[in-house]
Amino acid sequence: MSELAALGGTPIRSAPYPAWPHYDDSERDGLLRVLESRNWWSSQGVEVRAFEQEWAAFTGAPHAVAMTNGTHTLEAALLATGIGAGDEVIVPDWSFFATIGAVLAVNAVPVIVDVDPRTGTMDPALAEAAITGRTRAILVVHVCGSVADMDAITALAQRHGLRVIEDCAHAHGSTWHGVHAGLLGDAGSFSFQASKLMTAGEGGAVITRHDDVAALLASYVSCGRDPGTWYYRHFRLGENWRMTEWQGAVLRCQLARFPQQQANRAAHADLLNAELARIPGVTPQGRLPGCDSQGNYCYVVMVDPDEFGASRDHVRTALLAEGIPLTTSYPPLHALELFSDPAGLAPRIKDRSALPDYARQSFPVTERLAATSLWFTTSVLNGTDEDALDVVRAMEKVHRLRGQLAEVDAVAY
């Protein structure tokens, strides 16, 4: 009888998937260009300004402001839209720490809501139910490039006079009715961290349609200065969140090849969606009708523990042994240790009384998704059709031999 690779059998795949980050001589030439210019600082160089213009043109944004990383972009977007001390900001439970951390960093109050079971994005009905007289903004997350229901969310925000910030860390190339993610609300935050669909190791950018928001972003990024004024005048409490010329040069190269990479990933995601859905107990992440292009940061499916007769972690461990690369799901934000540890918010927040008691709240959909989802790394989409189909072959094998899963020494997260 054949065996799972985790139990000594032959793995489905032994060859590595395409390496990430991808680079070629264009990045090498760009870095050398910056080196020889001696203008390594964006205030004196040209690369970051050129990248901002190119990223704005790609997304269709009137304004793009480059920054150090995708956490600072969220903070800057909140500040530039007027969110601060005591304001309530509605956030979804299924996201990376930065989503809620940025709200806390500007001294606002995160109000967590559960998510849509098909997409993992914010449930608009629950967002509306969470609105109080102190609510000032909704911070949506486009999970793995699947765009949240922006028709419902923007309509909700208009009814209640709220700002909308989009966390687009996963949504490079995602669109909603033809409009690029990040332009559907008041500001859109992107990350260029090492695993993202475009990367300079770190980096971020905010796009916006609003001239006033763009002007504030530029100020908060550069120590509260205003353009055209003396360098040592500081008009607001900003930070040094400037991107370096090295990052700008690399990201210009990453953006130049992005459309071709995006088309390849999208085709392979569609292929996997069709093939994996045929396997009992496997459900690919959903996409709302308005999301006419998905960025596909990672590739996500949900597995039914009852069908497999074992936990998601058993399935994940078995797939890793078959040569299929996976990362891990985000845990629910409400369950993060900083909220249960009495010192978890100190010294920044010493009085926790303004925050909800997240541990007493119920988020069943997020908890289920976090416990049953598999997050394949984007590399499974970056190669050929056969590379992508190895994911299907491995999943079919694990399902066929699911009776052996209980014997696998599963790594839990």
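The values are calculated or read from the model by the stated rules, or taken from the named source; none is laboratory data. Nothing here was measured: the structure is a model prediction, and the numbers come from that model. For neighbour counting, all protein chains shown are included, and Cβ atoms are generated from backbone atoms with ideal geometry for every residue, glycine included.
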### Task
Considering every residue within the stretch 254-263, establish whether at least one is in contact with a His (Cβ under 9 Å, 6 or more places away or on another chain), touching a residue at least 12 places away in the same chain (Cβ under 8 Å), part of a loop (DSSP other than H, G, I, E, B) and not acidic (D, E).
no
## Note on the structure
Taking the stretch 176-198 and keeping only residues that are more than 13 Å from the chain's Cα centre (by Cα) and either at pLDDT below 95 or closer than 19 Å to Q254 by Cα (or both), one is left with H180
### Task
State whether one or more residues within the stretch 212-223 are at pLDDT 95 or above, out of contact with any helix residue (DSSP H, G or I) (no Cβ under 9 Å at 6 or more places or on another chain), of a type in the set (D, E, K, R) and not in a loop (DSSP other than H, G, I, E, B).
no
#### Entry: Criterion (in contact with an Asp or Glu (Cβ under 6 Å, 6 or more places away or on another chain) and β-branched (V, I, T)) met by exactly one of V46, V109
V109
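Rundown of residues vs (1) in a helix (DSSP H, G or I); (2) at pLDDT 95 or above, yes/no style:
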residue: T229; (1), (2): no, no
residue: A266; (1), (2): yes, yes
residue: L272; (1), (2): yes, yes
residue: V301; (1), (2): no, yes
residue: D306; (1), (2): yes, yes
### Task
Take the stretch 388-413 and flag every residue that is charged (D, E, K, R), part of a helix (DSSP H, G or I) and surrounded by fewer than 18 Cβ atoms within 10 Å (Cβ to Cβ).
R393, E396, R400, E407
## Note on the structure
When R38 is run through (1) surrounded by fewer than 18 Cβ atoms within 10 Å (Cβ to Cβ); (2) in contact (Cβ under 8 Å) with a residue 24 or more places away in the chain; (3) not hydroxyl-bearing (S, T, Y), the failure sits at (2)
### Query
Does V315 qualify as being touching a Leu at 6+ places or on another chain (Cβ under 9 Å), on the phi < 0 side of the Ramachandran plot and assigned to a strand (DSSP E or B)?
no
